[in-house]
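Structure record follows, encoded as structure tokens.
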2 protein chains.
Amino acid sequence: MFDVFQDYLSQKITLSAQEFDLIKSVAKIKKLRKRQYLLQQGDFWKYKAFVCQGLLRSFRTDDKGVDHIIQFSIENWWAGDIESSTLGNPSKNNIEALETTTVLLFSNNDFEMLESKIPVFKDFIAALITQSYFASQNRVHDSISMNSEERYSKFLKTYPQIANRVPQHMIASYLGISAETLSRIRKQIQKK
Amino acid sequence: MFDVFQDYLSQKITLSAQEFDLIKSVAKIKKLRKRQYLLQQGDFWKYKAFVCQGLLRSFRTDDKGVDHIIQFSIENWWAGDIESSTLGNPSKNNIEALETTTVLLFSNNDFEMLESKIPVFKDFIAALITQSYFASQNRVHDSISMNSEERYSKFLKTYPQIANRVPQHMIASYLGISAETLSRIRKQIQKK
DNA sequence: AATTCGTCTTGACATTTGTCAATGTTTTTT
DNA sequence: AAAAAACATTGACAAATGTCAAGACGAATT
């Protein structure tokens, strides 16, 4: 399973065989069954997780017990809770496998070691976070400027690989609308 | 005006006098009048801007000519468009001064030079972007999980310094609701 | 094979929010 | 000081969305 990560990294940066070995030596493979949790709200999360195979959802449960999905992570994406692991706070997020999933886990310590020993890797991760930041900014913009139908259509266009692997009501949760409203929007779109 | 930035940096990281001089040597002071633009949608933005004094809004104008405010930046905050300057795309954002404002401008080249010569500075900026990232994630979460009144109340609590320097209809824009709705929400809150 | 569970849809109704128009007030500009 | 522009509020109505309840369908479990 490490080769998925190796392929991923190779496409982004150039590393020596020794550097790959170093990374491999600290990567822990973890398998998750469908519906199994990788992280639960309140836990202290001290890892970075890379998804080799499968599909995860990150979500928060509010006072009323309603889930709100912040992110889906599929193959070649990262998952986790940077906020919790950076600030050392208990995590606000749950992470659950929606399919049988294999992730690579890196403890914070190991990860920092990798960053300090492999500067290119450090820069890559920084660039990754920067990109995640403006992806998030764009999502904020969408949420304040588009109506539900537009947001749904954009979701389909942007994440077709996710859209057909995930139940509708979870897409609704991701978009911040009720499952019923999404169902009606889909009906409307069909008519056109 | 550079001393505002120096004070800011001193609180975050430790730098030598020489390092401060280096930073100062590439910082360009720019004054903006009220309503003056620092950046316009479509421009190529190649800077980082630090606000020494005043207040900026970053926003995007949609097809219908409606503004959507992404961010307010006050003293000791950054402004700009990382997405545009990182990817080299024309900017999606406008940045306008809502008050007489003084910013420190760093060109991308100068900024990279600073990062390479002052590792602590580079790490600090990376940490800053990381924090901005999860602030943005939290805003996404708020937008999908809270109603308008809750979002407004949280805005007041989180940014009291901004709330009373900015017109209501801009807060509405930031929250993704109409000015009329915000007005009614305020009336409701008063009653309680 | 039968049963349970999760998913998606639909109807009916209530609530929230947007839109348009009007008005009074304050702030800015001339 | 007068005029113009920006701002905040309100009413009336329309549109969008949420909530609750019910039912159909298929997948997973026993």
Residue satisfying all of: in segment B:153-167; part of a helix (DSSP H, G or I) and surrounded by fewer than 13 Cβ atoms within 10 Å (Cβ to Cβ); farthest from DNA strand D (Cβ to nearest atom) among these: B:157
How many residues does segment B:90-115 contain that are within 15 Å of the chain's Cα centre (by Cα), open to solvent by 30 Å² or more (accessible area, probe 1.4 Å) and within 14 Å of chain A (Cβ to nearest Cβ)? 1
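Rundown of residues vs (1) away from DNA strand C (no atom under 16 Å from the Cβ); (2) open to solvent by 20 Å² or more (accessible area, probe 1.4 Å); (3) in contact (Cβ under 8 Å) with a residue 60 or more places away in the chain, yes/no style:
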position: B:4; (1), (2), (3): yes, yes, yes
position: B:18; (1), (2), (3): yes, yes, no
position: B:34; (1), (2), (3): no, yes, yes
position: B:39; (1), (2), (3): yes, no, no
position: B:52; (1), (2), (3): yes, no, no
position: B:55; (1), (2), (3): no, no, yes
position: B:58; (1), (2), (3): yes, no, no
Applying the selection to segment B:59-81, what residues are facing another protein chain (nearest Cβ under 8 Å) and over 11 Å from the mean Cα position of the chain (by Cα)? B:60, B:62, B:66, B:68
Report every pair of residues separated by at least 6 positions or lying on different chains whose Cβ atoms are under 8 Å apart, first residue within segment A:159-176 and on the phi < 0 side of the Ramachandran plot, second open to solvent by 30 Å² or more (accessible area, probe 1.4 Å) and in a loop (DSSP other than H, G, I, E, B). A:165/A:99; A:172/A:178
Go through the residues of segment B:163-173 one by one and say whether even a single one is at pLDDT below 95 and out of contact with any Phe, Trp or Tyr (no Cβ under 9 Å at 6 or more places or on another chain). yes
For the subset of segment A:168-177 comprising residues that are near DNA strand C (Cβ under 9 Å from one of its atoms) and in contact with a helix residue (DSSP H, G or I) (Cβ under 8 Å, 6 or more places away or on another chain), which member is most open to solvent (accessible area, probe 1.4 Å)? A:169
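Name every residue in segment A:116-150 that is among the hydrophobic types (A, V, I, L, M, F, W, C), touching a residue at least 40 places away in the same chain (Cβ under 8 Å) and open to solvent by less than 60 Å² (accessible area, probe 1.4 Å), in order of residue number.
Hits for segment A:116-150 are A:118, A:121, A:124, A:128, A:129.
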What's the number of the condition residue B:89 fails, among (1) under 20 Å from residue A:142 (Cβ atoms); (2) in contact with a Leu (Cβ under 6 Å, 6 or more places away or on another chain)? (2)
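Could you tell me whether segment A:63-74 includes any residue that is within 16 Å of DNA strand D (Cβ to nearest atom), surrounded by fewer than 21 Cβ atoms within 10 Å (Cβ to Cβ), part of a loop (DSSP other than H, G, I, E, B) and among the β-branched types (Val, Ile, Thr)?
Narrowing segment A:63-74 to residues within 16 Å of DNA strand D (Cβ to nearest atom): A:63-69.
From the residues that got through so far, the ones that are surrounded by fewer than 21 Cβ atoms within 10 Å (Cβ to Cβ) too are A:63-68.
Next, from what is left, pick out any that are part of a loop (DSSP other than H, G, I, E, B): A:63-66.
After this cut, where a residue has to be among the β-branched types (Val, Ile, Thr) as well, the list is A:66.
The answer is yes; a qualifying residue exists.
Residue-wise test of (1) outside the structural domain of residue A:175 (by TED's automatic domain parsing); (2) modelled with pLDDT of 95 or more; (3) out of contact with any helix residue (DSSP H, G or I) (no Cβ under 8 Å at 6 or more places or on another chain).
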position	(1), (2), (3)
A:64	yes, no, yes
A:80	yes, no, yes
A:91	yes, yes, no
A:103	yes, yes, yes
A:108	yes, yes, no
A:115	yes, yes, no
Exclusive hit being within 16 Å of DNA strand C (Cβ to nearest atom) and either in contact with a strand residue (DSSP E or B) (Cβ under 9 Å, 6 or more places away or on another chain) or assigned by TED's automatic domain parsing to the domain that holds residue A:33 (or both), set A:190, A:161: A:161
Residue B:28 vs. criteria among the basic types (Lys, Arg), at pLDDT 95 or above, under 21 Å from residue B:99 (Cα atoms) and open to solvent by 70 Å² or more (accessible area, probe 1.4 Å): yes
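The values are calculated or read from the model by the stated rules, or taken from the named source; none is laboratory data. Bear in mind that the values here come from a model prediction, so they are computed numbers and not experimental data. Here Cβ is always computed from backbone atoms with ideal geometry, including for glycine, and neighbour counts include all displayed protein chains. For accessibility, only protein heavy atoms count, side chains too; no ligands or nucleic acids. Shrake-Rupley method; radii C 1.70, N 1.55, O 1.52, S 1.80 Å.
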